[in-house]
Structure formats: structure tokens, C-alpha cells
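What follows is a set of notes on a single structure, which appears directly below.
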Amino acid sequence: MFRKNVWIEKIAEFDKIMSFAEGYKSFLNQGKTERECTLYAEKALRQQGFLNLNEVSSLKSGDKVYIINRGKSIVAFIVGQKPLMEGLHVLGAHIDSPRLDIKQNPLYESGQFTYLDTHYYGGIKKYQWTAIPLAIHGVITKKDGTKINIVIGEDENDPVFGITDLLPHLAKDQMNRNAGDIIAGEKLDITFSHLPMNKNNKPHYKDYILNLLKQKYGVEEEDFISSELEIVPAFKAKDYGLDRSMIASYGQDDRSCAYICLKAILDAKVSDYTSMLYLSDKEEIGSVGSTGAESRFFVNSVAKLAEKLGHRDPYFYAIKALENSKALSVDVSAAYDPLFAEVYEEKNSSLLGYGVTFNKYTGSRGKSGSNDANAEFVAYVRKIMDDHDVAYQTAELGKVDQGGGGTIAFIFANHNMDVIDAGVGVLNMHSPMEITSKADIYEGYLGYKAFLEAK
Ligand code: MN
Ligand code: MN
């Protein structure tokens, strides 16, 4: 078998693998929403000398800039030595993860509690989100434009939230339902409070919490209308396994790849081709919206770069530059799980600890909806990995006709550039606790940095 077990064949890297994971865990804990990840990336880029494109009047080879889109997605560039027209080397990952979003009119009182109604975001197994500690992250924007940033449930002293589930003693009917119906979408409601306000010796739960919201945050019930509040698991990223070889955390799809790509461009040398990082939003709901990968933001950003490089007709120039570009769509892959071996075809599955996973194609039912990278480009990428001694493997998303999925690769491909899916194998994907191997995270970093710097 051509693939290498990193823990055996690259054991000399052990300390580097372990220390790289520490920074990664810190990122996972600081970036639980697309907004938080964008802020983290901006801070890290600035520390490394990247400037906001708005701050510079012209650009030359070696310059480093970034552009932020609505606080939820970000691109960064290192201007290469060759003309931009010869193409960019692009790393694209997404910074949104499956979660529960608070509805626009969420608050209600029932029994001895108040609740917040949610609408789930992305593909989840709903039953996995009950009976675990949850945190609230996001913003409430008032009509006058005041923005209140909310993070509750992350500090040791913070309260947490949750969704109740039925005790097994009374779950006879529930347990007879299909797994998809055990918890209905409308039952994914967050327990918000329990203290009543005393009005004429009667408990008023909603009045109490509205009063508290007013006092603590200065918000009215109506302000939920213009909020984006995301419910995410409240636990922190931890080492997983007695040997500490893995990481357990929420949000590793796709923040594992987002972190690796960010680190790759932070550490990349100025190379022949212009390097580009794209951390996109909305992948989990189809890459739609102004901050999703389908948005013109991507092309517009390259055009803005071309403009600052002094090219006339920058938009046309950008389109031509993209046609000559090469991209890695960096997203997680379904790692082989021995406990569910029946859904995988092992030799074409991502194995934890065997390095970067390349998916030539994704899709479902006969590769439908997939990018399916060109063999010539796969060869180009293979050579980069081998030349830099990066452990890699190839995979499909499970057995043929078992299911499937997609990434942002096809969107890059729409710009007529070469692109392949590359990423990290994940167990428990889309669950509140996703698992990765520290070895794969580190090999990803080496591989993507080599790709950015490739001739
Ligand atoms: Mn993903
Ligand atoms: Mn996903």
C-alpha cells in the first residue's frame, strides 16, 4: 500500500505534531462561529504583516493583504513573483459548522420555564444535540446599529443551556420511532430560564427573563428579530485517547482545515504564484448567500487585487487569472470507522493517522454533483506531496451508493481552474464532538504550505 502511517514512518515529527495541535485546540475554542473565526484569522494575519486591502494604495510582489466580507468570510493574498495572470494557488476552506440557530421570534414560556426556539443549520442528527451542555454565541443588532456581542457558556463561571430529552422510563413510544423522528426539529428548543416574576402572587417566567435581558444586555424582545445567535456545544477541544493522539471537539468540519490553511499562508514564503486563502461561510447550507463560496466576493476580491496591482480592466484580468489557477478545496473527509465498517470500502477510505486525504471526487449516486479532478492535476498535486515527504491518501465518501456529500470544489471549478478536494479525515462528522488525528492535522499543514509555495 502506498499510504504511510504518519505515527510510524514520520515518528521523528512527533513533537512537532503534538505542539501544532495545541495551537489548533486554542483556535477551536476561540472560533465557534464564522464571525469568531474571521476575527481570529484577521488578528493572526495582521500579526504576520498582512494589511487590509483598503489600507494600501498599490501592491507589488511580496505584499500581503486580506479582505473581509461582512465579518463572516475572509480572503488573504501573498502577491507572487510572476504576473497574477499566470494564476493563483488557492486554499479554500469553510468556517461555518452545523449548529442550531435561534429563530427571529424565539422566546416563549411553557410550564415553569422559558425557551428559545431554534432552527437547525446544516445536516445534523437531531438526537445528538439533546442532554449536552450548550453555549450561545453571536450578535444582537439594535435598530440604531448598536451591536451586542454575546458569548454565554464558555467561561468556567458561565451558565450553560441545553435541550431536554425524555427519560428512558417513559420513552416507550419515542424509542419506537425512526431515529430521524426521535427528536422533531421543532422540539430542539433551548431551556432558557426558570425564575418567575411575581405578579399578583402568580409566576410570570417570560416577564422575568425579559427584565433580565434588558438589565444585562439592554435588549428588548423585538431585538431578537435582528440577531444572529448560534447554539453550539459548550465543551472545549480536548485531547482524545489515553495516548493523546487525537482531538475531540465541536466544529472540526471544517475548522480543522480552516486552521491548517490559515497557518499555511501565515508561514508561506513569497513564491512564484500568488497565494490565496479563502475562508468561506455557508458551506453547510449549500455555499449560498453573500458570504458563501458561490458569492461574487471570490472573483471581486481577485479583481480588487488586480486593480491595486495596476492592471487595467481588473475584472477581466481576474477572470483570466482564475482560469490559470490551481486550488485545493480543503474540507474534511469521512474517516474509516471500524465500528461501522459496513458503510466503508476500506482501501478507498480515509484512515486516521495516514495524512492528507485527497478526494478526486465526492458526490452521490454515480458521482452526481461532484467536481471530479483531472488526472493531470492529481499528478501535479501528488508530486508536490511526494517531493515534500507529506503523507497522503486518497478516499471516497463511503461505499458506492451508501450516501455522499459535497464541498466547495465544484464552485472553484466553475471558474475553470484546476481543483481537487483535500482535507482531514474525521470521525463523528457533524456531531457535537468530532474526532481528528493530530498527525493528519500536521501533515495537512505541511502539504498545503508546499502547495502554496509550489513552482
Ligand atoms: Mn465541510
Ligand atoms: Mn459538513
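Please treat every number below as a calculation from the coordinates, not as lab data. Keep in mind it's a predicted model, so treat the numbers as computed, not measured. Cβ atoms come from the backbone with ideal geometry, glycine included; neighbour counts cover every protein chain shown.
Once the mean 1/r over all distinct Cα pairs of the chain is inverted, what Kirkwood radius in angstroms do you read off? Walk me through the numbers on the way to the answer.
Values: mean 1/r = 0.0431 Å⁻¹.
The answer is 23.2 Å.
Expressed as a rounded percentage, what relative contact order does the chain have, with Cα pairs under 8 Å and six or more residues apart?
On the way: 1017 pairs, mean separation 103.3, N = 455.
Computed value for the chain: 23 percent relative contact order.
When 1/r is averaged over all different Cα pairs and the result inverted, which Kirkwood radius in Å belongs to region 104-143?
Result for region 104-143, one decimal place: 12.8 Å.
Among the trypsin sites (Lys or Arg not before Pro) within region 233-279, which fall in a DSSP loop and have no more than 15 other Cβ atoms within 10 Å of their own Cβ?
Answer in residue order: K236, R244, K269.
What FRET efficiency comes out for the pair L212/D313, r = Cβ-Cβ distance, R0 = 60 Å, nearest 0.05?
Efficiency for this residue pair is about 0.60.
For the peptides 33-39, 175-181, 90-96, 138-144, what is the packing order when you average, over each peptide's residues, the other Cβ atoms within 10 Å and list the highest mean first?
Packing proxy ranking, top to bottom: 90-96, 33-39, 138-144, 175-181.
Ranking request for peptides 20-32, 348-360: highest mean number of other beta-carbon atoms within 10 Å first, then the rest in descending order.
Peptide ranking by packing, descending: 348-360, 20-32.
What do you get for trypsin sites (Lys or Arg not before Pro) in region 279-337 restricted to DSSP loop and a cutoff of at most 13 other Cβ within 10 Å of the site's Cβ?
Those satisfying the criteria are R296, R312.
In which sequence would S193, S57, S256 go, from the one with the fewest C-beta neighbours within 10 Å to the one with the most?
S57, S193, S256
Please enumerate, by chain and number, the lysines with C-alpha under 28 Å from the C-alpha of K206, excluding those fewer than 8 residues away in the same chain.
K103, K126, K142, K143, K147, K187, K214, K216
So what is the 222 nm mean residue ellipticity for the chain from helices alone, if each DSSP H run of at least 4 adds -39500 (n - 2.57) and you divide by all residues, rounding to the nearest 500 deg cm²/dmol?
-8500 deg cm²/dmol
Hey, with R₀ at 22 Å, roughly what FRET efficiency would H119 and K43 work out to, going by the Cβ-Cβ distance, to 0.05?
0.10
Could you let me know the centre-to-centre spacing of region 322-396 and region 218-292, using Cα atoms, in angstrom?
About 21 Å separates the Cα centre of region 322-396 from the one of region 218-292.
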